[in-house]
Amino acid sequence: MKTRKEQFPFGIPGVDLKTIEREVPVTEPPAWPINDKLTHVGKSVKRIDAILKVTGEAKYASDISLPGLLQGSILHSPLPAAVIKKIDTNKAENYPGVYGVHVMQDLHGGSASGGDAGETRYPEIKFAGQPIAAVAAIDQQTADKAVKLIRVTYQEKPFVVNLERAMQPDAPTVFKKPVDQEGTDASEGPAKGLKLEGNVRGPSTKSFLGGPRGDIEKGFAEANIIVEGEFRTQVQTHSTLETHGCVVDWKPDLLTIYASTQSTKSVKKEFATIFDLPESKVRVLCKFMGGGFGAKYGAGNFGALAAHLSKKTGRPVKLFLDRKAEHLCVGNRPNSIQTLKIGATKEGKLTAIKQESHGTAGVGLGAGVGRVAQALYPCPNFLTEQYDVFTNAGPGAAWRAPGNAQGAFAVEQVIDEIAEKLNMDPLAYRDIIDDSKVRKAERTLASEKFKWNERKPKNSSEGVVKKGVGVAQSTWPRIIDLDSTAEVRLLKDGTVEIRSGVQDIGTGTRTILAQVVAEEIGIAPEKVGVHIGDTYFPNGPASGGSRVSGSITPAARNAAFKAKKELISQVADRWKVDADTLEMKNGTIQAKDGSGEKITFEKALKKMRTAQISVTASRADDYGGFKVGKSISHSDLGSVQMAEVSVNTETGVVKVARVVAVHSCGRPINPLQIQSQVNGGVIQGVSYALYENREMDEATGKMINANLDQYKIAFAMEVPEIEVYNIEEYSARSSTDAYGIAEPANIATAAAIANAVYNATGVRIRELPITPDRVLNALNKV
């Protein structure tokens, strides 16, 4: 590949900004300057789909209506563990208005599909809520009635839904044989081949950042201070606005799926695999989507059922889960019991970090506590042992920074405890042990905006209601998907379009693509037509792991650059000049020295030789290489969050009054959208810290708060004042230098609140959610 040397901005404006030379492919555009010298990128451009959304014109998968559309309904298991001996569908099949019934022969996703050979031809029941069969009928009411007519004969089995009970040697076993779990389009999945003893699988001792390092015992021997504690976090369900579901239209020559998904290409791949079809015979569309938070990848059991029913009936089938099913069977954030031990010298230098965790993702895997202990603070001696524990509960799924919110809850509290033993301010202590220059800048800004210097000693408020403040930090890798391609089209009628299979899960992907293309070509963002969420377009990245901006915006800019060059080349041919002497500036193509002819962009389009210029470009390797493999960039995404709380020491009620969140995501493309994402992450963090908790009945094995009128979640009255600030940071790794923001927005919040509660009361709460009874227990008032 031919390359050239290019000078890029590097560092943090106002702190250490300089230039750095990178070797870049000759086909890629020149370096952009920092944002304040750009026109559209880095500006708070209004969402280009805002009007469509607020007027209801935006069509989500659940809005799709096709000729002959049938409605689907799923029969879920009422039992947590059983063998299905017989299924009688006769009454359902003969119910008026029913067009088809399908009984599941295989489960898709999670670990439920692997491990044990069933004792009958039906999948063994391993959790209450497991899908068994589905009905397609003329309308939803008929489908819901008919599905209740399916008669299932069960042989009940013993079950376990409690994490600690499941770890006991005499607990009922969920899987008899070792199991693995396939990854998603956003992850390779949990470590494979780990041993299974009873319900305990593991340990996993490494991540893509490596495994154990140093000598853990030697590290603790060198420590002057050792802090050790046990921390517990709960199961949190996703509760997206739009539930899981899809519309499937099976035709002999094409299987079309209208999906609510975080990855159109993963849905295409899984449907092709399940039904043994060429991927070219599967089309997936996701024009608008009502949230996913990590749980919406692949076909899902509901998708497979809808496809079977569509194939059987010859009609399109819509199948969306109701709120109860959404809580039971399509994902949740696993819980955890962690022991964390950290040693430090009297100067504060960390000498050893030892972490052990057990968590349950029900019948799924992935209940670890992430990489915060491994990656946030340098420490020469590190050991982690993370175990999955199977229970008879619905499978967990990725949940906005999988494992890391749980891990940060423990790590950031222990760091505060060490600071206290050193008689140091916790923020100042982090200045000593954190070598990230970006988080250093974030701490400085957060301290100024929050007025951290007004922080009072612990438990110093007068009266019943005590106030306190706390801080916590996050880290998240810069994940890149090289299978990210954009097509830019310049049309003779004056239209400029970008097309990609990437979907917008509500974060504003359409708008940032329009901004990037507009910046490169020199037109207004509203002049760019953005067509995404269709696998007929080139593959885009999954919307997960904060990878979209870093993966697709360089491809978009590169495609726009190539299209612009082709247009300039055509103009140069007509003018009989060298194309390298021309440029497009302020919407006009002209000589770089300002001499000679000029032509506006619109007129140049009308004079094209062909009806269109169509150019595709894919995400190139990072300039200067990756940190890990071909998917992890150097540096990280990080944040510093500070929380102010009040604690009523008579009722135990905790209120979060204010959160200051300072983040970084490389070059910000749209600050307003970044603010929106961080607001969402913080609100979810508050809800995780204080309210949300899946309650399982150990007598019946059922979730007892499986609906939004029973499952506590933060409402408007519980949302604090949130201030969001963003640190621009340039690392010169791609043509846009942009990265995502979603994951780190949620990692630190609960930990910051926990530290604030300690500052308010002088007692440390090591278990989430921080409910009134736990606060009162800690205060010895019950």
Taking the solvent-accessible surface of protein heavy atoms with a 1.4 Å probe, what is the per residue accessible area of the range 210-302 in Å²? 37
Most packed first (mean Cβ within 10 Å per residue), the peptides 195-207, 295-307, 136-148, 215-227 order as 295-307, 136-148, 195-207, 215-227
Positive-pole candidate from Phe715, Ser73, Ser614, dipole of the chain, charges at beta carbon: Ser614
nm² value of the averaged projected area, convex hull over the Cα atoms of the range 133-248: 13.6
Among the listed pairs Lys341/Lys421; Lys18/Lys451; Lys562/Lys585; Lys564/Lys606; Lys91/Lys126; Lys268/Lys324, which are separated by more than 19 Å between their Cα atoms? Lys18/Lys451; Lys91/Lys126; Lys268/Lys324
Can you grab the distance from the C-alpha centre of the range 194-212 to the C-alpha centre of the range 7-36, Å, no decimals? 41
With only alpha-carbon pairs counted, each pair once and no self-pairs, how large is the Kirkwood hydrodynamic radius of the range 460-539 in angstroms? 15.9
Over what distance in Å are the Cα centres of the range 310-373 and the range 503-574 separated? 33
Under 20 Å from the Cα of Lys269 - aspartates and glutamates, other chains or at least 8 residues apart: Asp106, Asp180, Glu182, Asp185, Glu188, Asp249, Asp253, Glu279, Asp481, Asp483, Asp504, Asp534
Is any residue of the range 746-782 close enough, with backbone N under 17 Å, to a label point placed 7 angstrom from the Cα of Val465 along the Cα-Cβ axis, and if so, which? 757, 760-761, 772
Per the Cα gyration tensor, the range 417-474 corresponds to an equivalent ellipsoid with semi-axes, largest first in Å, of 23, 14, 8
Cα centroid separation, the range 402-469 to the range 710-782 (Å): 12
Proximal aspartates and glutamates relative to Lys492, as straight alpha-carbon distance under 13 Å, when same-chain residues fewer than 8 apart are discounted: Glu602
Hey, what's the range 1-97 come to in accessible area per residue, 1.4 Å probe, Å²? 55
Taking the range 676-762 and dividing mean pair separation by its residue count, relative contact order in percent (alpha carbons under 8 Å, at least six apart): 47
Computed over the range 649-715, protein heavy atoms only, probe 1.4 angstrom, the accessible area per residue in square angstrom equals 37
Check the straight Cα-Cα distances from Lys346 and name the aspartates and glutamates below 15 Å, setting aside those fewer than 8 residues away within the same chain. Glu222, Asp416, Glu417, Glu420, Asp425
Can you list the DSSP H helices in the chain whose Cα atoms extend at least 24 Å along the helix axis and whose mean Kyte-Doolittle hydropathy is -0.5 or higher? 404-421, 548-575, 671-690
Test of the criteria: in the range 610-643, which trypsin sites (Lys or Arg not before Pro) are in a DSSP loop and have at most 11 other Cβ atoms within 10 angstrom of their Cβ? Lys630
Please state, as a whole number in µm²/s, the translational diffusion coefficient that the Stokes-Einstein equation yields for the range 286-441 at 10 °C and 1.306 mPa s, with Rh defined as the Kirkwood radius across alpha carbon pairs. 86
Along each principal axis of its Cα atoms, how long is the range 26-154 end to end? Whole angstroms, biggest number first, please. 70, 39, 28
Which of the three applies to the chain, rounded, prolate or oblate, going by the alpha-carbon gyration tensor with a ≥ b ≥ c and a/c under 1.5 meaning rounded? oblate
Over the Cα atoms of the range 713-782, what is the Rg over Rh ratio if Rh follows Kirkwood? 1.15
Whole-percent carbon and sulfur contribution to the accessible surface of the chain (1.4 Å, no ligands, DNA or RNA) stands at 50
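The values are calculated or read from the model by the stated rules, or taken from the named source; none is laboratory data. What you see is a predicted model, and the numbers here were worked out from it, not measured in a lab. Neighbour counts are summed over all protein chains in view; Cβ atoms, including those assigned to glycine, are modelled from backbone coordinates with ideal geometry. Surface areas here come from the heavy atoms of the whole protein model, side chains and all, with no ligands, DNA or RNA. Shrake-Rupley method; radii C 1.70, N 1.55, O 1.52, S 1.80 Å.
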